Amino acid sequence: MNNRLAIALSVVFHPLIITTYLFALLFLLSPDLVGVSAFELPALGSLLLLLFLNTFIAPTLIIYYFQKMGVISSLHVDDLAERKLPYLACVIIYALATYLFGWQLKPIGELAPQISIILGSVTVSLILVMGISLFWKISAHATSIGGTIGMLSGLMMRFDEAVLFIPLVITILLGGWLLSARLQLNAHTPPQILGGFVCGILVSSMTVYFFF
């Protein structure tokens, strides 16, 4: 794998955008599992856009602002010492999104509480990554792809949702390429990749087990 492909994979599967990918996949293939089966296609599109704005655009703009202000040197936030504030901002934004979709948007919170549960799972993962990053550079990419694999596999096994099998296999393959890309770019060591991957899988699997 060359560096150009590794950078492309790291950008296309950035940790913040993977949340939107996961919701899009579940909305399309297993709407019953996330409580949106009664929603028409335009409503689903609007809901996915709202999730995208809250979980990707909002934190991305904050990180961009930090870079413009000189708080961080790169949008990739590769420097361990610079990660504290961006991660804290992302945790706050995701926590607010969890609250918004769970309690403030009444129809969504009542019809599809699973959305806030998934957002809460991502928030917990972010909190763990933020805490570990105070002393060790754990991989956020590995955490996010591990969380996605854990969520898909957990839902597939718990609800016998065979339609998720192919997407799960594809996600595992993409995850292998993504983690290889992070190693290719020397962004992380193998233990940091493994630590993030295990963290993501554990949090998402426990979320499915206890809250679905």
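Read-outs throughout are calculated quantities, based only on the coordinates presented, and are distinct from any laboratory measurement. Given the structure is predicted, the values throughout are model-derived calculations rather than measurements. Cβ atoms come from the backbone with ideal geometry, glycine included; neighbour counts cover every protein chain shown.
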Handout entry: Relative contact order (%) - the chain, alpha-carbon pairs under 8 angstrom, separation at least six
Key = 28 percent
Practice task
Towards the positive end of the charge dipole of segment 78-212, with charges on Cβ (+1 Lys, Arg; -1 Asp, Glu), say which of 164, 114, 191 has the farthest Cα.
Solution key: 191
Problem - Nearest-0.05 FRET efficiency for residue 7 and residue 82, computed from C-beta distance (R0 22 Å) - result: 0.70
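Give me the one-decimal Kirkwood hydrodynamic radius in Å for segment 1-117, with the sum taken over alpha-carbon pairs. It would help to have the intermediate numbers written out before the result.
Working: mean 1/r = 0.0638 Å⁻¹.
After inverting the mean inverse Cα-Cα distance, the result is 15.7 Å.
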Practice task
Along Cα→Cβ, 7 Å out, is where each label goes; now give me the distance between the ones at residue 186 and residue 96 in nm to one decimal.
Solution key: 3.8 nm
Practice task
Only Lys, Arg, Asp and Glu count, each charged at its Cβ (+1, +1, -1, -1), so figure out the dipole size of segment 1-117 about its Cα centre, rounded to 20 debye.
Solution key: 240 debye
Handout entry: Expected 222 nm ellipticity per residue - DSSP helices of 4 or more, -39500 (n - 2.57), all of the chain, to 500
Key = -23500 deg cm²/dmol
Problem - Cα-centre dipole for the chain with unit charges at Cβ (Lys and Arg positive, Asp and Glu negative), debye to 20 - result: 480 debye
Completion exercise
Largest fluctuation, 182, 158, 83 only, Gaussian network model of the chain with Cα springs under 10 angstrom, belongs to 158
Exercise for the section: Evaluate Rg over Rh across segment 65-147, taking Cα atoms for both radii and Kirkwood's formula for Rh. Expected result: 1.06
Handout entry: Leading residue at positive end of dipole, the chain (Cβ point charges), from 66, 179, 141
Key = 66
Fill in the blank from the handout: Charge tally for neighbours of residue 128 with beta carbon under 15 Å away, counting Lys, Arg as +1 and Asp, Glu as -1, is +3
Exercise for the section: Given the options 122, 91, 169, state which has the largest fluctuation in a GNM of the chain using a 10 Å cut-off (strictly under) for Cα springs. Expected result: 169
Handout entry: GNM flexibility winner over the chain from 36, 77, 124 (Cα, springs under 10 Å)
Key = 77
Problem - Nitroxide proxy distance, nm - points 7 Å out along Cα→Cβ at residue 134 and residue 68 - result: 3.1 nm
Problem - Whole-number D in µm² s⁻¹ for the chain, Kirkwood Cα-pair radius fed into Stokes-Einstein, 25 °C, 0.890 mPa s - result: 141 µm²/s
Problem - Relative contact order for segment 1-93, counting Cα pairs under 8 Å that sit 6 or more residues apart, in percent - result: 25 percent
